[in-house]
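Data first, discussion second: the structure below is written as structure tokens.
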Amino acid sequence: MGRFATCLAFTFLGLWIHGHAQSPILQSDAGWHSTYVKRSLPLASRTNGPDTLSISPQNPFFDDFSSGEKRVSTSRWFHITGERSTPVISKQEALQPPSVGAVVFDGLNEYGLPYETTSLDRGKADVLMTHYLDLAPYAPADQVSLRFFLQAGGYGEIPEASDSFLVYFLTPTDTVRTYVATGGSSTPFQQVVIPINQPDYFVTQFQVMFENSGSLNGHLDLWHLDYVRIEFNRSAQALDYPDVAPVRLTSLPLFPYTAIPLQQYQASPTSMQGFSVEINSLSSNNVSADLTGKISDPVYGNAFVPVFEQSNFLTLTPGQRSTSTFPAFSDQNFSGIGIYEFMVSLPPNADAQPENNSLTERFRLDSLMAYDDGEADGSFGLNVPLGFASEFNLQTPDSMTAVWISFVPTVNYNPVSTQAIYMDERSFRFRIWDDPHPDSILYEQVRDMKVLYDSVPNYFIRYALTNTQAVPTKIWVGLQQLDSYPIGVGYDFSYDHDSYTYWDSLGNWINTRLGGTLMIRPEFKNTFPVPLSISEEQLAEEGFEIYPNPVVGKTLNISRPEGQYGSGKYTGILLDLSGRTLFQFQQFLSPGESLSRQLPDNLTPGLYLWQHVFQSPGGPLRFSREKILIQPN
């Protein structure tokens, strides 16, 4: 945790600000001092073995994890199931990666849950394994090598000195450990080159396996893997690649927010600002190209959104990492609720790796207000039963209807009982303050406020307010812990919003000094119409249908056909025509499965909106909406 050394110090679990007995905690296992348990977990038995991939100098093995998906490509990597899991891809947690996206090795499984919740344990955790690679046509003389970039920590928790990242070469007859990196400090991305030079490796069933060893109790001891290549006819000293890639958005169109309610934007449309993008060159030559940035509305497909587009010409020198800035576009009249897409792209012929030449991000103009990018780099809480919150500044007074919170699955340590404490189902108080003082409570809710985890990493839980709460133009939204165990709210280091983040220090609100933001998002009542239609093609693609429609009485039936996206979480939301949520539920749903739900008794007959939301594990959220007519019995 060296990046905070100037203002922070270690405790048994995490960090505190000097001079205060109570403290904001970023989850860490640095001081647990639990017995190191070297646990070698067996791979699950395979019903189907890996595929065999043909690679060559013209078609080398390559993956830089820039597709935008959370799961690694099964066309390159063999998906392991069982006690160990394949790591997921993060777009934001790595610090200055070669290109957008890197695989994160930690103590969470592929569903975002700790490997171990009942004890403090360490051992082998994530594993990433290629399919069989056919090296039989080649020999040591072909100068074959494995190349990858590796970073310890990044924006997340730094591995301890006893933690490690390992690389193995596998053949049908042997498993050879070829590389070990140990923790202890944060590192920039460093390229590793491992020659594949033993005669026994040149078989049809050669595999590469990466794994980490560290804490099994959560999002801890992070390693980031990127830009994996198997090259031919290149010496170990040749480290350049003819590749230029946009890496990340470094400033926000809605700064300081990543989402604002549409009515708040329209109250001050000049709040839309310019934006900047980080570009990285891995080439040994100068590269010149046009970088195009544009804004569009891809989710609902409506034509009311003006398209912003501009090109910036840039020249990058060998190995240069640069920033390209686009001007403000505050004259754009965003007149409808939607999730807008921001994309920057290089032309396909700019380099030899066109698959990573574009970067897509989304920002929301709907009901939510947010500072975070949707990915937790750590977890935040206090070691005393006090509160913390994020400050939100509105353009006009509004009405708050719910709060969305992303909790990182957290295992705490009780130093008295020496027991592990899993924070799932832990109760807390939700609060809205109208002044930066712990006693200025505008709204408090205790009922149904419990820490909830989901089988999808970085999932936000929506907590509806019992009553819609009118709020002034400046509010502090957060929670009050009920005990001294850090509760584990997601914490995002992508943008430094310390000036908007507060915690209660013995009756005084003070700003954090951690350089990030809480993943807490207030939801406000929409005063603008929600899009009322969606094409039949989009509905068919989503695969959900309400029947019969009109709905008679209070029973709602929903079906989906076979073969659509596999199994996953379905969320159904009933809205009135102003966009106000009236009822919602969640259920795990498989292809071909139907379900029924009873609607609230107090609904009056009439026209409503139903929103289908579906997400398979690690997949994107998919939306569709349709009008439903509710008739009396």
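Listed values, structure above:
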{"item": "Residues within segment 224-255 that are touching a Phe, Trp or Tyr at 6+ places or on another chain (Cβ under 8 Å), open to solvent by 10 Å² or more (accessible area, probe 1.4 Å) and modelled with pLDDT of 90 or more, tallied", "result": "2"}
{"item": "Cross-chain or 6+ apart pairs with Cβ under 8 Å, segment 263-279 first and more than 19 Å from residue 310 (Cβ to Cβ) and assigned to a loop (DSSP other than H, G, I, E, B), then open to solvent by less than 30 Å² (accessible area, probe 1.4 Å) and at pLDDT 80 or above", "result": "none"}
{"item": "Scope segment 256-270; condition of a type in the set (A, V, I, L, M, F, W, C) and open to solvent by 20 Å² or more (accessible area, probe 1.4 Å); matching residues", "result": "267"}
{"item": "Residue list for segment 391-423, restricted to those being of a type in the set (Gly, Ala, Ser) and crowded, with 24+ Cβ neighbours inside 10 Å", "result": "406"}
{"item": "Which listed residue, of 23, 34, 40, is modelled with pLDDT under 90, surrounded by 18 or more Cβ atoms within 10 Å (Cβ to Cβ), more than 22 Å from the chain's Cα centre (by Cα) and not acidic (Asp, Glu)", "result": "23"}
{"item": "All positions within segment 424-451 that are among the hydrophobic types (A, V, I, L, M, F, W, C) and open to solvent by 60 Å² or more (accessible area, probe 1.4 Å)", "result": "441, 446"}
{"item": "The listed residue being touching a strand residue (DSSP E or B) at 6+ places or on another chain (Cβ under 8 Å) and within 14 Å of residue 61 (Cα to Cα), out of 227, 168, 201", "result": "227"}
{"item": "Subset of segment 50-76 (residues that are open to solvent by less than 50 Å² (accessible area, probe 1.4 Å), more than 21 Å from the chain's Cα centre (by Cα) and modelled with pLDDT of 90 or more)", "result": "53, 55, 56, 60, 61, 62"}
{"item": "Some residue of segment 380-387 being farther than 30 Å from residue 288 by Cα and in contact with a Lys or Arg (Cβ under 7 Å, 6 or more places away or on another chain)", "result": "yes"}
{"item": "Residue count for segment 210-223, restricted to those that are at pLDDT 95 or above, touching a Leu at 6+ places or on another chain (Cβ under 6 Å) and either crowded, with 22+ Cβ neighbours inside 10 Å or not charged (D, E, K, R) (or both)", "result": "1"}
{"item": "Single condition residue 357 does not satisfy, out of (1) open to solvent by less than 30 Å² (accessible area, probe 1.4 Å); (2) closer than 29 Å to residue 483 by Cβ; (3) of a type outside the set (A, V, I, L, M, F, W, C)", "result": "(2)"}
{"item": "Subset of segment 334-349 [at pLDDT 85 or above and surrounded by 21 or more Cβ atoms within 10 Å (Cβ to Cβ)]", "result": "344, 346"}
{"item": "Selection count, segment 458-507, where residues are surrounded by 21 or more Cβ atoms within 10 Å (Cβ to Cβ), of a type outside the set (Phe, Trp, Tyr) and assigned to a strand (DSSP E or B)", "result": "11"}
{"item": "Number of the exception - residue 303 against (1) of a type outside the set (D, E, K, R); (2) within 27 Å of the chain's Cα centre (by Cα); (3) at pLDDT below 55", "result": "(2)"}
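The values are calculated or read from the model by the stated rules, or taken from the named source; none is laboratory data. The structure displayed is predicted, hence computed values, not measured ones. A quick note on method: Cβ atoms are made from the backbone with ideal geometry, for glycine too, and the neighbour counts reach across all protein chains shown. These area figures cover heavy atoms from the full protein model, side chains too; ligands, DNA and RNA do not enter into them. Shrake-Rupley method; radii C 1.70, N 1.55, O 1.52, S 1.80 Å.
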